[in-house]
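The values are calculated or read from the model by the stated rules, or taken from the named source; none is laboratory data. All of these numbers come straight from a predicted model, not from anything done at the bench. Every residue, glycine among them, receives a Cβ derived from its backbone with ideal geometry; neighbour counts consider all protein chains shown. For the accessible areas, the whole protein counts, side chains as well, though only heavy atoms, and no ligand, DNA or RNA atoms are used. Shrake-Rupley method; radii C 1.70, N 1.55, O 1.52, S 1.80 Å.
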Amino acid sequence: MDAEVALEDVHADAGEGELGEFSPLEVVRAGAWSRTVFTTYALSLGFFEAVVLEALTRQKSTSPLILADLDGVRSTLAEHGARRVGRDYDLEPVQVAGGVFHPKVCALEALDDAHLIVGSGNLTFGGWGANLECMDHLHPSFAGDAFVDAADFFRAIATDPRLTHEAAGRLDASASGLERAGAAGRRDGKIRLVNSLAGGVANQIAALARELGGAQRITAASPFWDGGAGLAGLCEEVGLDHAYVHAHPDGVVEGRFGANWPRNPSIGVRPVTIVWLCEAASKRRLHAKLFEIICARGRVLVSGSANATTAGLGSGRNVEACVVRVSREPHIGWALQPSAPLPPAIAMPLDVEESESIQGVLRAELAGDQVAGRVLTDFPVGGATAWLVGGEGRRELAETVVAPDGRFAFGSETLEMEAWTAGRLILRLECGDCSAEGFIAFSDLQEVRRRAGPLAAKLLAVLGRTDTPADAAAMMAWFHEHPEHLTQSGRAGGGWGGEGRTDGVTNVVALLAPARNASTYAPGPSVPVGAGWKRFMDAIFAALSTPRAPFEPRDGSDFDDDMGDEGIARLDARARAEAARRSAAIARTLSLFDAVFNKMMARPGPDLHVAGVFALTQYVCDRVGLDEGRTRACLEALVEAFVQDPDPSDLQVASAAVMLAALVEPAEVPAARRARRRLLALGWPMSGLAPDIDLAAGFRRRLRSPPDAIGLWRKVTSVTTPQEEVKAYRTALEAGRLPANVPLLEASEVWDDLVGAIGTDPARRKIRFLPRNGRTCPCQSNLLPSSVLYELKHSWVAKAPCGHVLLCEEA
Amino acid sequence: MAAPGLDVLIGQAAMRAEPAVTSASLPRPGGVDPLGLRQINFDLMDQVFPGVNNIARHIRPFVVVAWAWRRAAQIAARGGVVEIRVEELRDFVDRIEVLFVWSQFLVDRTVALPGSDVLAPYLTSQLFPFSGPVWARQKETRRLSTGLSAPINYGPALRSLGWLEEVPDASGAMRVTQASTAAIDALEARLAPFLDHPAFSILGEMEVRREDALAWADAWGLTTLTAVERQTMATLLAGSVADPKRAAGVSLALAAMSEGAGDDVTLVRRSMCGPPSDFQPPEALEGVSAAWRRTQVRQLFRLALEVLFAWALRRLEDRPLPTGRLVARMLDTSGGEDAETTTTWLAGAAGAGQAATDLIAEIETALTSSDWSDVPSAVRRALALCLSEAPQAPEGFERLERLPLAVAARQAEGLRSRPPSEFLRHVFEVWLFGQHTFWSVGRGLSDARAAGRTLLRLRVVLEEGGWALAPNARASRPNPTPDRLATILSLAREAGLITHRVPGQLG
């Protein structure tokens, strides 16, 4: 034990320290937040997505923003599984000249409410519970000043020239909200938020101590020390020549920088343990940063991000944020026990490969097919190569030029689709031996969130193949409410989907303002308005068509989170309730699907986006589970719609549907003929490859064991359709020779008439050609008898009562 | 305990005069498919043994449930009912299921039927009431978990094998198929002496005495199958109306048995893969043999990665470690530390050419030692074999996020000329931790969107000191995924497709 510590100097205060534990997660979970901003130094995206984002999603909060130091961002680049960044939330790296971005602030705003959580914990498991951390949960009802201070802090982050980032706009918006909340709250000066962009933290603490008659005792707890210089500076500011330093019995969190004890102080350091802190530790290592300054007329209590180092407490170094509680009543301070300095920690060796992998950091944004970004660390000016980096390796995107301020831009046509489907995208720039990496934010998501509202998360889940029965039901309800998204016009982005319209409300001023003439309309941005939405919907339909596992459990695979491999049901009540919810969601999806399908197919026409309905149906068949009969009926209806208004862009999928419909028909030859007729109508080349039936794999899953598709294709290419034979006959008739390969005509009862007409005029005049739905013989206007019409419909050839041989032709 | 609301939290915060210490509590841990790899295994099993699972191993439950649906409809028709709520029919089916299982447990508590825990309280009671709120709750529970018709028991196979089919009116009612009718008649004949009992002759509420249930036990016991029931299952399982893939799979299993594998499931599994076993499948079964081999290689791949993941978690129990440390430890303990390239490291493992089933067994053996010291070398051999047998391209059902073996092999190919440490870095960061994080987060967010349970599936995260265990996370011991072969052999045996003397012949 340090001989300098005299027990009589230690004030016992049993009343202090009974703080109770606090879970920041409980606050996040307790509200639906319309704006959320986190600031942090270290960052674990795995933790954030699994814990914090989960809580925000559960509450249907809007997508949050994380501001993190370059070190934090750099370390997350190796977290290959954390793929929501840039998609479900934004991550903005912050570069600080001469220091690091170190504040740990969480600002939660709702429509008429705001909360702040300020403390020592980073956005990591350690920071939110595994380490011994301290946090303040503040609300305007008792800490209005801190909200106004926080607004100033956010504005300072947005504008301070030492900081480089691209989050100024969002910070400013958040600052306005916090300022409003604070101004309406209680402002008694007892709880303030100090930050190092407004001057050194030590300096601000000292000013408060002076207001309270000057410091008499200072006690500090901190995991990191710089030999003692930072603590000495604070003592000097408050006019003390010694300090009590908490020696945490469970040790401190290991870090790459600093020591665990002030070993070379220019002031007296008296090792103690803060009694309440030890009692609350639960064997956790210290990462909290606390300073208690007992003054003549009260107490200043500081907690937050600042370590007891010059970088933390001084000015012009790190960016820090701390809550200061000012008590203007006499205070005897925390109960302390004499202790001994912590032994030096065994330095955590930096892994050789890890150190080699440390690189520069950039940030980038994708809008349409354009990528624009900025390298935030040192990087050569001039040409650089852009790569897309992922678990599978890396792929060259483009050559670009890095400007002196680090900015760069390039175009990439393929990136957008990957952004919709793959989740996080990492961009790497290389120039010689220099490299920088960072995440690509996807700005088109803003449009999607605006149009789809709360449904956006569910649609994104479909894209990311993590959809649940509840997502399927919500999506189906949306299509039911907005069937225009299954039409060609709605698909083009002009629909009245969930664009966030405020029903019944419009801007009168805008209505009265003269509209621009189309001819004078100024050229817009390179990405047309609504284009992002259309591409998004295209990606959705593509995702719906992609085979995936059914929701229905097989071998317990869907319950695998709660069951052992043996699959035996030991579901607890909650899991059973969940299973019941799943069943209900599946039933609702099926019911809504029926309504959507019937509504859309009741009015097929050129505006119907048949491929969209096909994709939706395929998804329901595959993932949700239609019975076989309904699957067949839907498939047949869709094939008819495809054939009725062929769209060349749907050729592949329409042809696959035709083939599958033929596969499940019992009679092979008629099925092959029908398929051939339909494929010809669609424009499928019979001399080429067979349609890829896997494009209809979702339907196939529900249809019992259809036979081999190759055999069917052989049959399809070998048979002829009545229409082809009629056409061949007409050509032959005009050429005056017998047609070849017309087995259907040869088998018909009028074959002799047809043969006889070749080359002989009187007999030839007996042959008449009808349009597809012709109902009268060309020689007279009387309706043909129904028996003849039936013959024509099924055989395309018949003999009319007037003696003419009628042949139907397809348009 | 309900989570506190904002008012409570604000009140607590306002009362504090000092900052609070963060709570160490986080969502409860859970999850048993940490890398999200298992779905592909199920899909591959579908290529050989579609329509069955690992639970529905006996014929009699199929017949009983199918009979119950028909009996319920007959009772309604006899009463002159034209339209009926499906729930009334289902109530009867639920009752029959319970009576069947209860009667079997009364005779033998170890009988292989689901629901032993739920029915345990009734094994000593004299009466089973099929009425009131308790019965209503039991029905709800059973339909999702312990009931014979539940999705994880006999439910899916009842339909996929063709015992029952949905009535095409979207009501959810089931009816028997032509193929199953004879078997149902046969069971009904056995139950004929008891059919006047209200349990079998009326719909709606009632209660059944223990002595009655005991009296019925033999008539519908698991071992008192009639020849017609056996024949029906033979037809549905592997006969003319069966799924051709399953029929081929059954034929392959029977052929392997007759060629020397005998009754030993492990040997049958191994032989069905072909080389290096001595079994050469007939030409007509080469396709299904290849599909089975792919399934077993995938089983091995999944098991090897999950075991390596668990091994890594054990290494992290003391302190966080960067990837490089895990890689170094793996190289030190798996042998081949002198290998200069990934190719030589994998080749030195002598895994290629071995049977995937043997390497699965080797991994299981390695897991029995307390220190798992043989795990790294077993995993190394497994990876070598899997990568050497990887298909050129993934099957259509193999999604990228499930890490198809073909995709993994393609990634490994790009690292073959690099040092093994680079390959292993990729394995740890992408195949293990990347997969784990993706699926843990994805499932958690799915639950959150659906307002489902809160479960922390994430077991490892990247923190300041490297990879660190999530709070309360621990390494659980992975097991091979059951591959339905035991089910097939059990059903085939009961159906008479396997005779003791001449396996492979219809019994």
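Annotations
- Of all residues in region B:123-137, those being modelled with pLDDT under 90 and either on the phi > 0 side of the Ramachandran plot or crowded, with 19+ Cβ neighbours inside 10 Å (or both) number 0.
- Scanning region A:413-426 for residues that are outside any helix (DSSP H, G or I) and crowded, with 17+ Cβ neighbours inside 10 Å, we see that the one that is farthest from the chain's Cα centre (by Cα) is A:426.
- Checking residue B:453 against (1) modelled with pLDDT under 90; (2) charged (D, E, K, R); (3) farther than 23 Å from residue A:463 by Cα, the condition it does not meet: (3)
- Restricting region B:231-265 to residues that are in a helix (DSSP H, G or I) and of a type in the set (S, T, N, Q), the residue that is nearest to the chain's Cα centre (by Cα): B:251
- In region A:61-73, the qualifying residues are those that are within 11 Å of chain B (Cβ to nearest Cβ) and of a type outside the set (Asp, Glu), and the one that is farthest from residue A:29 (Cα to Cα) is A:72.
- Filter pass, residue B:219 being in a helix (DSSP H, G or I), modelled with pLDDT of 95 or more and more than 14 Å from chain A (Cβ to nearest Cβ): no
- Verdict on residue B:465 being buried (at least 22 other Cβ atoms within 10 Å of the Cβ) and within 7 Å of chain A (Cβ to nearest Cβ): no
- Answer from A:633, A:654 - the residue that is closer than 27 Å to residue A:689 by Cβ, modelled with pLDDT of 85 or more and not assigned by TED's automatic domain parsing to the domain that holds residue A:489: A:654
- Conditions (1) of a type in the set (Gly, Ala, Ser); (2) over 29 Å from the mean Cα position of the chain (by Cα); (3) within 14 Å of another protein chain (Cβ to nearest Cβ): number failed by residue A:126: (2)
- Residue ID - nearest to the chain's Cα centre (by Cα), chosen from residues in region B:77-109 that are open to solvent by 50 Å² or more (accessible area, probe 1.4 Å) and within 14 Å of chain A (Cβ to nearest Cβ): B:90
- Taking region B:199-214 as the range and being open to solvent by 60 Å² or more (accessible area, probe 1.4 Å) and more than 13 Å from residue B:122 (Cβ to Cβ) as the test, the residues that pass are B:202, B:205, B:211.
- Among the residues making up region B:247-288, a single one is closer than 11 Å to residue B:485 by Cα and within 14 Å of another protein chain (Cβ to nearest Cβ): B:249.
- Residue match in region A:393-405 (condition: open to solvent by less than 50 Å² (accessible area, probe 1.4 Å) and at pLDDT below 90): yes
- Here region B:8-51 is the region considered, the condition is being assigned to a loop (DSSP other than H, G, I, E, B) and open to solvent by less than 10 Å² (accessible area, probe 1.4 Å), and the residue that is modelled with the lowest pLDDT is B:33.
- Qualifying residue in region B:335-345 (condition: open to solvent by less than 20 Å² (accessible area, probe 1.4 Å), under 20 Å from residue B:416 (Cα atoms) and in contact (Cβ under 8 Å) with a residue 24 or more places away in the chain): yes
- Matching residues in region B:233-246 - criterion: being touching a helix residue (DSSP H, G or I) at 6+ places or on another chain (Cβ under 9 Å) and open to solvent by 20 Å² or more (accessible area, probe 1.4 Å): B:235, B:238, B:239, B:240, B:241, B:243, B:245
- The set of residues from region A:46-60 being more than 8 Å from chain B (Cβ to nearest Cβ) and open to solvent by less than 10 Å² (accessible area, probe 1.4 Å) comprises A:48, A:52, A:56.
Quick grid of which residues meet (1) more than 9 Å from chain B (Cβ to nearest Cβ); (2) among the hydroxyl-bearing types (Ser, Thr, Tyr); (3) closer than 30 Å to residue A:652 by Cβ; (4) assigned to a helix (DSSP H, G or I):
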{"position": "A:582", "(1), (2), (3), (4)": "no, no, no, yes"}
{"position": "A:588", "(1), (2), (3), (4)": "yes, no, no, yes"}
{"position": "A:592", "(1), (2), (3), (4)": "yes, no, yes, yes"}
{"position": "A:598", "(1), (2), (3), (4)": "yes, no, yes, yes"}
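- One residue from A:304, A:268 being in contact with a strand residue (DSSP E or B) (Cβ under 6 Å, 6 or more places away or on another chain) and surrounded by fewer than 19 Cβ atoms within 10 Å (Cβ to Cβ): A:268
- Residues of region A:101-123 satisfying the condition of being under 12 Å from residue A:38 (Cα atoms), of a type in the set (Gly, Ala, Ser) and either touching a Leu at 6+ places or on another chain (Cβ under 9 Å) or more than 7 Å from chain B (Cβ to nearest Cβ) (or both): A:107
- Among the residues of region B:153-162, those identified as at the interface with chain A (Cβ under 10 Å from one of its Cβ atoms) and either in contact with a Ser or Thr (Cβ under 7 Å, 6 or more places away or on another chain) or open to solvent by 10 Å² or more (accessible area, probe 1.4 Å) (or both) are B:155, B:156, B:159, B:160, B:162.
- Any hit, region B:418-428, residues being at the interface with chain A (Cβ under 7 Å from one of its Cβ atoms) and surrounded by 24 or more Cβ atoms within 10 Å (Cβ to Cβ): no
- In the set (1) modelled with pLDDT under 95; (2) buried (at least 20 other Cβ atoms within 10 Å of the Cβ); (3) farther than 22 Å from residue B:425 by Cβ, the condition left unmet by residue B:296 is number (1).
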